[in-house]
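Chemist: So that we are looking at the same thing, I have put the structure below in structure tokens.
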Amino acid sequence: MDNPFSNILGNISKLVAGTKDTAVGIDIGSSAIKIVEIKRKGSKAVLETYGAIALAPYDNQDAGRIANLPVEKISEALTEVLKQSAVVTKDAAFSIPIQSSLIFTIDLPSTIKEGEMSNIVSTEARKYIPVPIGEVSVDYFMLPKKEPSFLDMNSSMPQSAASNEKINVLVVATQNDAVAKYRSIVSGANLSPAFFEIEVFSSIRANFEHELSPVLLIDFGASRTKLSVVEYGMIKSYHTINRGGVDITDSISKSLSIPFSEAEKMKKEFGLFGNPTEKNLADIIKIHIDYIFSETNNVLLSYEKQYNSIISKVIFTGGGSLLKGLTEVAANNFRAEIEIGHPFSKINAPVFLEKVLETMGPEFAVALGLALRKLQ
């Protein structure tokens, strides 16, 4: 059987000629399904359609909540959003949630031969994976080395030091059960999976251009916040903070004694700018944002200390990045440039949709990233 994760860490920055002119990317998240269809016209990728559907109503809960649905219900929701979006393509690319995977780096001797790499990575990876190796699919990518600086090139380091250099390898281990579950969802919606990809790689493809220096990508999701330090287009460090948009809405709902749906609406309408009639709203939200940013700063400091490299840019993505006032608070927390991702800038779209796509783009980053890879 073909490995569904073969080339999972492939090209994330270029859109090149392929054999098919239409591509559909489908992001099945913890609270919603998002879909993007693009088409190749000449050398350009053009938006055909997009759509989203909340999952919680399929469990008789308020939209925006985390949904723990059976496969059949998710397939039903997927079928519905395809219908609403007028997508007829049966062949699509799908994301796999990061919580079903383990991402880490290992250092290996530079003397390892290419033919030996696969077996050695598999053996070394066992030390990091807390389940039997047979229960996961393992993929890896050798991270590119930094270009030597002028000082390095003129240093008097002995040539023998080269033999002590290490190869930095990014390893991704994904639970086979998770892949099987998503295959069942896809089958239940009468679709065919072109490939599955860990969501963070799709997000990087959609949000990055040609960044060479280290950049922190913060994905503000419904159930968690995901931090990826990206250098030369590849993940150098990855961390998860178990707090997301739903936690904020729950706190508003409980603190102000209002329904979840009303709290969600209030959060989106006012955010950190506060509600003139409800003075405590901004403070309730800020407690969570301060926690997330505090944890993020710990990750940044650890990375900068380990690699002796400063992160000068932070990109926000995910639905939570649209929280009003978030960038202003972030500017006081990070010694870096703050930018909100604009994934749809990578493709052509009708002019009348530009403003809409700019404001909602971060929510569709994963789906678009999948479609871009599919179109390669």
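The values are calculated or read from the model by the stated rules, or taken from the named source; none is laboratory data. These numbers come from a predicted model, not from an experiment. Every residue, glycine as well, gets a Cβ built from its backbone with ideal geometry; the counts of neighbours run over all protein chains shown.
Chemist: Keeping to region 63-88, report how many residues are farther than 14 Å from Gly188 by Cα and either surrounded by fewer than 17 Cβ atoms within 10 Å (Cβ to Cβ) or out of contact with any strand residue (DSSP E or B) (no Cβ under 9 Å at 6 or more places or on another chain) (or both).
Modeler: Count: 7.
Chemist: Go through region 179-211 residue by residue and tally those that are assigned to a helix (DSSP H, G or I), farther than 23 Å from His239 by Cβ and either without any contact (Cβ under 8 Å) to a residue 40 or more places away in the chain or not hydrophobic (A, V, I, L, M, F, W, C) (or both).
Modeler: 7
Chemist: Does Tyr291 satisfy the criteria of being in contact with a strand residue (DSSP E or B) (Cβ under 7 Å, 6 or more places away or on another chain) and assigned to a helix (DSSP H, G or I)?
Modeler: So Tyr291 fails the test.
Chemist: Now, a different point. Need the failing condition index for Ser213 against (1) touching a helix residue (DSSP H, G or I) at 6+ places or on another chain (Cβ under 7 Å); (2) at pLDDT below 90; (3) of a type in the set (S, T, N, Q), just the number.
Modeler: Status for Ser213: all satisfied but (1).
Chemist: Any residue that is surrounded by fewer than 22 Cβ atoms within 10 Å (Cβ to Cβ), outside any strand (DSSP E or B) and touching a strand residue (DSSP E or B) at 6+ places or on another chain (Cβ under 7 Å) - is there at least one of those in region 226-233?
Modeler: No, the conditions are met nowhere in region 226-233.
Chemist: Glu37 is checked against (1) farther than 24 Å from Phe220 by Cα; (2) surrounded by 20 or more Cβ atoms within 10 Å (Cβ to Cβ); (3) charged (D, E, K, R) and fails just one. What number does that condition carry?
Modeler: Status for Glu37: all satisfied but (1).
Chemist: What helices (runs of 4 or more DSSP H), lying completely within region 307-375, carry at least 3 residues that are within 30 Å of Lys166 (Cβ to Cβ) and not small (Gly, Ala, Ser)?
Modeler: Qualifying helices (runs of 4 or more DSSP H): none found.
Chemist: Select from region 253-288 the residues that are touching a Gly at 6+ places or on another chain (Cβ under 9 Å) and outside any helix (DSSP H, G or I) and write down the one among them that is modelled with the highest pLDDT.
Modeler: Among residues in region 253-288 that are touching a Gly at 6+ places or on another chain (Cβ under 9 Å) and outside any helix (DSSP H, G or I), the one modelled with the highest pLDDT is Asn280.
Chemist: Can you tell me which residue among Ile347, Ile315, Ile292 is within 18 Å of Ala222 (Cβ to Cβ), out of contact with any Pro (no Cβ under 7 Å at 6 or more places or on another chain) and among the β-branched types (Val, Ile, Thr)?
Modeler: Sole residue among the options that is within 18 Å of Ala222 (Cβ to Cβ), out of contact with any Pro (no Cβ under 7 Å at 6 or more places or on another chain) and among the β-branched types (Val, Ile, Thr): Ile292.
Chemist: So, in region 166-175, of the ones that are within 14 Å of Pro130 (Cα to Cα) and polar (S, T, N, Q), which residue ends up surrounded by the fewest Cβ atoms within 10 Å (Cβ to Cβ)?
Modeler: So the residue we want is Gln175.
Chemist: Quick one: which residue in Ile96, Ile106 is buried (at least 19 other Cβ atoms within 10 Å of the Cβ), touching a helix residue (DSSP H, G or I) at 6+ places or on another chain (Cβ under 7 Å), at pLDDT 90 or above and within 29 Å of Tyr238 (Cβ to Cβ)?
Modeler: Details: Ile106 fails: buried (at least 19 other Cβ atoms within 10 Å of the Cβ).
None of the others qualify; the one that does is Ile96.
Chemist: Moving on. Name the strands (runs of 3 or more DSSP E) wholly within region 78-142 that hold at least 1 residues that are touching a residue at least 12 places away in the same chain (Cβ under 8 Å), of a type outside the set (Gly, Ala, Ser) and more than 23 Å from Glu199 (Cα to Cα)?
Modeler: Ranges flagged: 101-109.
Let's see how each residue does on (1) touching a residue at least 60 places away in the same chain (Cβ under 8 Å); (2) buried (at least 17 other Cβ atoms within 10 Å of the Cβ):
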| residue | (1), (2) |
| --- | --- |
| Ile287 | no, no |
| Lys305 | no, no |
| Ala330 | no, yes |
| Glu358 | no, no |
| Phe364 | yes, yes |
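Chemist: Within the bounds of region 236-246, is there any residue that is hydrophobic (A, V, I, L, M, F, W, C), modelled with pLDDT of 95 or more, part of a strand (DSSP E or B) and closer than 23 Å to Val299 by Cα?
Modeler: Yes - at least one qualifying residue is present in region 236-246.
Chemist: Continuing with this model, one more query. Just to verify a result, which residue in region 174-219, among those that are closer than 30 Å to Ile310 by Cβ and small (Gly, Ala, Ser), is farthest from the chain's Cα centre (by Cα)?
Modeler: Among those residues, the one meeting the criterion is Ser213.
Chemist: Scanning region 178-188 for residues that are surrounded by fewer than 19 Cβ atoms within 10 Å (Cβ to Cβ) and at pLDDT 95 or above, which turns out farthest from Val81 (Cα to Cα)?
Modeler: The extreme case among them is Ala180.
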